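Note sheet for the following structure.
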Amino acid sequence: MSAMDAFRQEVRQWLEQNCPPSLRTPMRDDEMVWGGSQVSFSSEDQRLWFECMRERGWFAPSWPKAVGGGGLSAAEEAVLEKEMMRIGARPPQINLGIWMLGPVVLEYGTPEQQLRLLGPMCRGEIRWCQGFSEPNAGSDLASIRTSAVDMGDHFLVNGAKIWTSYGDKSDWMYALVRTAPDAPKHEGISLLVLDMRSDGVTVAPIDLISGKSTFCEVFFDNVNVPKENLIGERNAGWAQAKKLLQHERSAMSKFGQFCLPTHFDLMAHIRDYLPLDGGASTNADIALHQRAIAAQMEEDAYSLTVQRMGEEARAGQNVSGTMAIMKLVHTEQEKNKFELLLDAMGFRALGMDMDGFPERERALTKAWLNSFTQTIAGGSSEVQLNVIAKRILGLPELKPAAPKPKQTPTAADINAGGQQ
Ligand SMILES: Cc1cc2nc3c(=O)[nH]c(=O)nc-3n(C[C@H](O)[C@H](O)[C@H](O)COP(=O)(O)OP(=O)(O)OC[C@H]3O[C@@H](n4cnc5c(N)ncnc54)[C@H](O)[C@@H]3O)c2cc1C
């Protein structure tokens, strides 16, 4: 037996013994376990699963053991992921620190920062939020204006962030700030981490159409951030931001595999709502079944592509650029699947918050609304298309044609009815 087969067997056995059957089920929104100082569990099984994965270092399986990770190779981590997916095991915790900031700290952070920041991530002690977007800087992220002025031993931070998911529940934020206001916009940005309980930080939740309130605005009013919280070089944060976004896209394309939105069986639902009945079925019903089959085939193709990319990455090929493609395809497929499902549900999809509709249907309608957000979060689909065109395909940028100078109509034009 090869070493990898032996490892697979060991992992399989360990998961069998330690992953409670109740957690081998699709993860629901309200049952996600977020790490951090306010960590909470909706069942004892969740707590046990959290603790035993943490003890193995499997919150961050491939990070070095010295910082609290599992010390696995990339190939071993892939085996662990596959074995967890095989039994439908939920991730033991959701932690933006581990998914997005941690890999950047591993690459750019000082040894001191790695110990200080990664250790608590690996123990699930800090809940992180992302402070990237600002009221005038979402897709055009490099236009951020939140300033961090060098005061000697600390930065003085002023400005505002928006769309900060779970800003009100997080312990720490990783934020892009402007440290050189006069430099070209990509060259004056830095990456800072800050404690959300610092004086001068105010968090205001924003209500959403889906009935949830996950978004916040975060305001900084003369916030002191110690110098040791600067990750990487000052003014060189744009490179780190791009890396971090790659990790975000990668996490987003995997995330769905564990959650309700992806985990529903589209074909089973379509058959439930629109059972095909020989002669009695309408052409519209048949067409909907055909669209569902096409969607299922696209999803299968996507899964196989993810698998292939994993193998290419393990073989040492650079697949980092393709994260934009995976993010785009996955989130658009999800949205498409929900639209199909809603078409099949008909009026049963109207009961988002109404009595008389079973919880399962209400959850599906809410998940449909949520599927739109995923095509925006982490960079919108249009922006992914730009990234693919420019960075992956190397296509030239098309500059919009200069507007034609407006001509003053002549008397002859006016007589002809103003047609120009
Ligand atoms: C569910 C969710 C969670 C989020 N969580 C966070 C978070 O935790 N932290 C955080 O910092 N941000 C977060 N965001 C914000 C997200 O990153 C931004 O919404 C996103 O980058 C788009 O920016 P914007 O909203 O300013 O839209 P805009 O940039 O104003 O874009 C509006 C529209 O114009 C299009 N557009 C813009 N520029 C171009 C272009 N050059 N070419 C073609 N089309 C273009 C966009 O695609 C979009 O359709 C979240 C968003 C969502 C939906």
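The values are calculated or read from the model by the stated rules, or taken from the named source; none is laboratory data. Everything quoted here is computed from the prediction, not taken from an experiment. Counting neighbours? That spans all protein chains shown, and the Cβs are built from the backbone with ideal geometry, glycine included. Heads up: the accessible areas ignore ligands, DNA and RNA and are worked out on the full protein's heavy atoms, side chains in. Shrake-Rupley method; radii C 1.70, N 1.55, O 1.52, S 1.80 Å.
When Leu96, Leu115, Leu106 are screened for being open to solvent by 20 Å² or more (accessible area, probe 1.4 Å), in contact with a Ser or Thr (Cβ under 9 Å, 6 or more places away or on another chain) and either at pLDDT below 90 or of a type outside the set (D, E, K, R) (or both), only Leu96 passes.
One residue stands out among those in region 127-138 that are of a type in the set (A, V, I, L, M, F, W, C) and out of contact with any Gly (no Cβ under 6 Å at 6 or more places or on another chain): the one that is surrounded by the fewest Cβ atoms within 10 Å (Cβ to Cβ), which is Ala137. Out of the residues in region 171-201 that are over 21 Å from Gly97 (Cα atoms) and open to solvent by 60 Å² or more (accessible area, probe 1.4 Å), which is nearest to the chain's Cα centre (by Cα)? It comes out as His186. Against the test of being open to solvent by 30 Å² or more (accessible area, probe 1.4 Å) and touching a Pro at 6+ places or on another chain (Cβ under 8 Å), the options Asp45, Asp5 yield a single qualifying residue, Asp45. Listed by first and then second residue, the pairs linking a residue in region 385-410 that is open to solvent by less than 90 Å² (accessible area, probe 1.4 Å) to a residue that is part of a loop (DSSP other than H, G, I, E, B) and more than 15 Å from the ligand (Cβ to nearest atom), with Cβ atoms under 8 Å apart and 6 or more places separating them unless they lie on different chains, are Pro409/Gly418; Pro409/Gln420. Among the residues of region 333-375, the ones that are under 19 Å from Ile270 (Cβ atoms) and acidic (Asp, Glu) come to 4 in all. Among the residues of region 197-217, those that are within 13 Å of the ligand (Cβ to nearest atom) and in a loop (DSSP other than H, G, I, E, B) comprise Leu208, Ile209, Ser210, Lys212, Ser213, Thr214. Applying the criterion of at least 1 residues that are away from the ligand (no atom under 16 Å from the Cβ) and at pLDDT 95 or above to the strands (runs of 3 or more DSSP E) found wholly in region 131-189 leaves 147-150, 154-161.
Among the residues of region 353-373, those identified as within 13 Å of Lys212 (Cβ to Cβ) and among the basic types (Lys, Arg) are Arg362, Lys366. The criterion of at least 3 residues that are β-branched (Val, Ile, Thr) is met, among helices (runs of 4 or more DSSP H) falling completely within region 269-377, by 283-314, 323-345. Residues in region 106-129 include at least one that is within 16 Å of the ligand (Cβ to nearest atom), of a type outside the set (Phe, Trp, Tyr) and not in a loop (DSSP other than H, G, I, E, B). The set of residues in region 8-42 being small (Gly, Ala, Ser) and either surrounded by 15 or more Cβ atoms within 10 Å (Cβ to Cβ) or touching an Asp or Glu at 6+ places or on another chain (Cβ under 8 Å) (or both) consists of Ser22, Gly35, Gly36, Ser37, Ser42. Scanning region 139-160 for residues that are open to solvent by 40 Å² or more (accessible area, probe 1.4 Å) and under 21 Å from the mean Cα position of the chain (by Cα) turns up Ser139, Asp140. For region 378-400, the set of residues classified as within 16 Å of the ligand (Cβ to nearest atom), of a type outside the set (Ser, Thr, Tyr) and part of a loop (DSSP other than H, G, I, E, B) consists of Gly378, Gly379, Leu393, Leu395, Pro396, Glu397, Leu398, Lys399, Pro400, listed by residue number.
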